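Notes follow the structure.
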Amino acid sequence: MLETQNLTVRFGGHVAVNSVSCRFEPGTLTAIVGPNGAGKTTYFNLISGQLPASAGAVHLKGRELTDLSASARTRAGLGRAFQLTNLFPNLSVLENVRLAVQATKEGAHRRGLNLWSIWSDHTQLTNRALEILYSVSMTAQQDAPVASLPHGDQRKLEVALLMALEPAVYMFDEPTAGMSHDEAPVILDLIRQLKKDKTKTILLVEHKMDVVRELADRIIVLHNGELVADGEPGEVMASSIVQEAYMGKAKVAA
Ligand SMILES: Nc1ncnc2c1ncn2[C@@H]1O[C@H](COP(=O)(O)OP(=O)(O)OP(=O)(O)O)[C@@H](O)[C@H]1O
Ligand SMILES: [Mg+2]
């Protein structure tokens, strides 16, 4: 379970995230909604460690992460999808995924210059990478350099890299932003697929209400950095606080 307790960050006098306490259970997809500037991305930054908190705490499976770096939090099981920044454009699709798989198998490559062990590691890493590519339907592109892929496939590959890290928590911040009409459903399919694994906790910041309605088991609403609503999707969407504070101002209300 992921938990934030009184998580807060101040920028000068502005409190961008204000004492947000919330628990996120495995097997649950929580949509985080709220108007532009509500603090959703900042809340993600505080959880994943991109930004240090001014106050409060973050725990994952009982372990306090608050003072850990972003990379230490990734190793602890927090998986944040970043758009394209993690890809090696000149390497093939398979090589990118294999590197991500390798990153999770700490130590395997440090066993010294034992050629048998290096070869056997390599085969295992490749097999795992192929498995992941299969699950995101990218087997056909395995040898293509990443730079040659259409934008939608690159975004899909980002999710594949995240899957390679086998995180306990998946965090998506507007995953279909900037994608074409044809590309967006592919990413949503991957999220649907991740949802089937009941050991995973998924957090999704999303403005598109049809997506939220379909995928969310629970919705929390941030407004001016504060958690103002939390509950079942139907209940939260119907609440007056959402109708007033959010629905009228959403970037995309459809
Ligand atoms: N590094 C920073 N320094 C100063 N102010 C910041 C910083 N990061 C975010 N903010 C401010 O914090 C507030 C929350 O921003 P945030 O990006 O979290 O909103 P958001 O809910 O993700 O909005 P959107 O829906 O537009 O993505 C905004 O007022 C923003 O200007
Ligand atoms: Mg944002």
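Would you work out the charge dipole size for the chain about its Cα centre, treating the Cβ of every Lys and Arg as +1 and the Cβ of every Asp and Glu as -1, and quote it to the nearest 20 debye? Display every interim value, and only then the final one.
Working: 25 positive and 27 negative charges, 112 e Å.
With only Lys, Arg, Asp and Glu charged at Cβ, the dipole is about 540 debye.
Order these peptides, 69-81, 29-41, by their mean beta-carbon neighbour count within 10 angstrom, highest first. Intermediate results must be reported in sequence, preceding the final value.
Values: 69-81: 17.7, 29-41: 21.3.
Top to bottom by mean Cβ count within 10 Å: 29-41, 69-81.
On the principal axes of its alpha-carbon atoms, the chain has extents of 63, 41, 33 Å, going from largest to smallest.
When the trypsin sites (Lys or Arg not before Pro) in segment 102-193 are filtered for DSSP coil states and for at most 11 other beta-carbon atoms within 10 Å of their beta-carbon, the remaining sites are 111. Lys-Lys pairs in segment 105-227 that are eight or more residues apart or on separate chains and whose Cα atoms lie under 20 Å of each other come to 6.
Summarising the label geometry, the points placed 7 Å from Cα in the beta-carbon direction at residue 243 and residue 117 lie 6.6 nm from one another.
For the chain, adding -39500 (n - 2.57) for each run of n ≥ 4 DSSP H residues and dividing by the number of residues yields -10500 deg cm²/dmol at 222 nm. Relative to one another, the C-alpha centroids of segment 35-101 and segment 146-197 are positioned 15 Å apart.
Every read-out reported here was derived from the displayed coordinates using simple, explicitly stated rules and does not represent laboratory data. Being a predicted model, the structure only gives us computed values, none of them experimental. FYI the Cβ positions are ideal-geometry reconstructions off the backbone, even for glycines, and counts take in every protein chain you see.
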